[in-house]
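Engineer: Attaching a single structure in structure tokens format; questions to follow.
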Amino acid sequence: MTRFVVVPQWQGSPAARAMLLTDGASAIAGDLPRAHTTVLDIPLEAGDTEGTAVQRLSSLRRIRALVEDAVRTANEPVVAIGGDCGVSVGAIGALPGALDDVALIWCDAHPDLHTPATSPSGAYSGMALRAALGDPDSPLPGRAGLSPDRVILVGARVAEDAEEDHLTGSGITRVDDLTSPDVLAHAVAATGAARVYVHIDVDVIDPAEFAGVSAPAPFGIAVADLVAALRAVRARAPIAGATIAGFAPRSPVAAVDDLGAVLRLIGAVA
Ligand SMILES: NC(=[NH2+])NCCC[C@H](N)C(=O)O
């Protein structure tokens with residue numbers, strides 16, 4: 001079975017209306033099977049930087065501990081429901097066993113490869129993949145063991161120069177076209193990994209199909225293509241865990257329009 005861990009946090013987001021992410025998490029939670037769902041009691045306050053370049057770090061640190069504890073005690077694969085992308089760093093770090101057999105599929109309109117020094121916003125979500133890879137400059141790094149040559153970045157189309165510079169020669173594989181469903185599975189097979197973690201920021205989906213995101217970016221992936229690609233991945237390697245992040249509906253009525261797509265994505269990883 002799968003355990004759903006709902007993390008209604010917003011503190012890692014650069015968005016002006018970041019708290020919409022807590023509404024998104026709650027909307028999703030309402031559609032999940034109650035007996036298999038844990039909703040974390042997330043501090044609502046912003047917290048402070050602790051003198052670093054990471055906004056709201058003190059709250060993010062407390063949230064990290066809650067996420068790690070929930071994933072560790074689940075004793076079954078967890079689908080973490082954000083909140084912003086920072087949720088994945090703790091959820092990946094708390095996976096059972098060493099991370100050296102894990103491939104990470106990072107589906108996101110943004111590569112999230114900033115360090116605190118290069119981030120334009122100070123938002124931890126924009127540093128999330130870099131932190132998951134053990135960024136030595138991060139005050140809140142992920143657990144060691146994940147390797148860039150086992151990371152596949154899907155649908156990233158809005159990147160700052162510092163992120164493009166880091167990507168060049170990083171060993172990270174990029175996949176931008178999922179219209180052929182086996183491309184992603186082949187990329188995973190090429191990493192040699194035995195299990196897969198799937199991170200999905202819903203802003204990877206084309207805005208024509210999905211409205212409830214903080215910063216819509218054109219030329220995204222189709223829901224059906226991502227679902228088919230993930231099905232092909234699962235035929236080869238088990239999913240060790242997953243995150244659905246970035247759902248920021250403008251209103252409860254607007255949330256309903258996107259929930260079908262969210263549930264299809266959850267079905268693809270759960
Ligand atoms: N996964 C996301 N929504 N990331 C947003 C990051 C935006 C921008 N690159 C920043 O660091 O502020």
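Engineer: Remind me, relative contact order of the chain in percent, using alpha carbon pairs under 8 angstrom and six or more residues apart?
Structural biologist: About 22 percent, as a whole number.
Engineer: Would you please give the residues with an amide H less than 5 Å from that of Val5, counting only those at least 5 places away or on a separate chain, with H modeled from the backbone geometry?
Structural biologist: The list, which skips near neighbours in sequence, is Thr38, Val79, Ala80, Ile81.
Engineer: What list do you get for Ser170, Ser125, Ser251, Ser119 if you sort them by fewest beta carbons within 10 Å?
Structural biologist: Ser251, Ser170, Ser119, Ser125
Engineer: Still on this structure, please answer the following. Using each residue's phi in segment 104-120, evaluate 6.51 cos²θ - 1.76 cosθ + 1.60 at θ = phi - 60° and report the 3J(HN,Hα) Karplus result to the nearest Hz, with x for Gly and Pro.
Structural biologist: Going residue by residue, I get 10, 9, 9, 9, 6, 5, 10, x, 6, 10, 6, 9, x, 6, 9, 4, x Hz, with x marking Gly and Pro.
Engineer: Sticking with this one: For the chain, what is the charge dipole size about the Cα centre, in debye to the nearest 20, if Lys and Arg each add +1 at the Cβ and Asp and Glu each add -1 at the Cβ?
Structural biologist: That gives a dipole near 780 debye.
Engineer: Moving to a separate point now. Along segment 234-246, what does the Karplus equation 6.51 cos²θ - 1.76 cosθ + 1.60 (θ = phi - 60°) give for ³J(HN,Hα), rounded to whole Hz, x for Gly and Pro?
Structural biologist: With coefficients 6.51, -1.76 and 1.60, one gets 5, 5, 10, 8, x, 8, 7, x, 7, 10, 10, 10, x Hz.
Engineer: Going toward the positive end of the dipole of the chain, with +1 on Lys and Arg Cβ and -1 on Asp and Glu Cβ, which of Gly169, His110, Val262 do you reach last?
Structural biologist: Of the candidates, Val262 comes out farthest on the positive side.
Engineer: Moving to a separate point now. What number does segment 1-133 give for Rg over Rh if you use C-alpha atoms and the Kirkwood radius?
Structural biologist: 0.95
Engineer: Would you mind ranking Leu20, Leu263 so that the residue whose beta carbon has the fewest other beta carbons within 10 Å leads the list?
Structural biologist: Leu263, Leu20
Engineer: From the square roots a ≥ b ≥ c of the eigenvalues of the alpha-carbon gyration tensor of segment 148-263, which class results: rounded (a/c under 1.5), prolate (a/b over b/c), or oblate?
Structural biologist: Oblate.
Engineer: Still on this model: Could you give me the ³J(HN,Hα) list for segment 160-176, computed from phi with Karplus coefficients 6.51, -1.76, 1.60 and θ = phi - 60°, whole Hz, x at Gly and Pro?
Structural biologist: For segment 160-176, the Karplus curve yields 7, 4, 4, 6, 4, 4, 5, 4, 4, x, 6, x, 6, 8, 10, 10, 10 Hz.
Engineer: What order do you get for Phe219, Phe247, Phe210 when you list them from fewest to most C-beta neighbours inside 10 Å?
Structural biologist: So the residues, fewest neighbours to most, are Phe219, Phe210, Phe247.
Engineer: Kindly state, as a whole number, the per residue volume in cubic angstrom of the convex hull around the alpha carbon atoms of the chain.
Structural biologist: Convex hull volume per residue, Cα atoms: 109 Å³.
Engineer: Could you point to the residue in Pro136, Ala229, Gly97 farthest towards the positive end of segment 3-269's charge dipole, with +1 and -1 charges on the Cβ of Lys/Arg and Asp/Glu respectively?
Structural biologist: So the residue furthest toward the plus end is Gly97.
Engineer: Here's something else I'd like to know. Once you have the Cα-Cα distance between Ala235 and Thr168, take 0.36 nm times their residue separation minus that, and quote the gain in nm to one decimal.
Structural biologist: 21.1 nm
Engineer: Name the long-range amide H neighbours of Ala245: under 5 Å, sequence gap of 5 or more, or other chain; modelled H, no Pro or chain starts.
Structural biologist: Amide H neighbours of Ala245, under 5 Å, 5+ apart: Gly82, Ile200, Asp201, Val202.
Laboratory data are not the source of any read-out in this text; all were calculated from the coordinates shown. Since the structure is predicted, the reported quantities are computational estimates derived from the model, not experimental observations. No Cβ is skipped: glycine too gets one built from the backbone with ideal geometry, and neighbour counts run over all protein chains shown.
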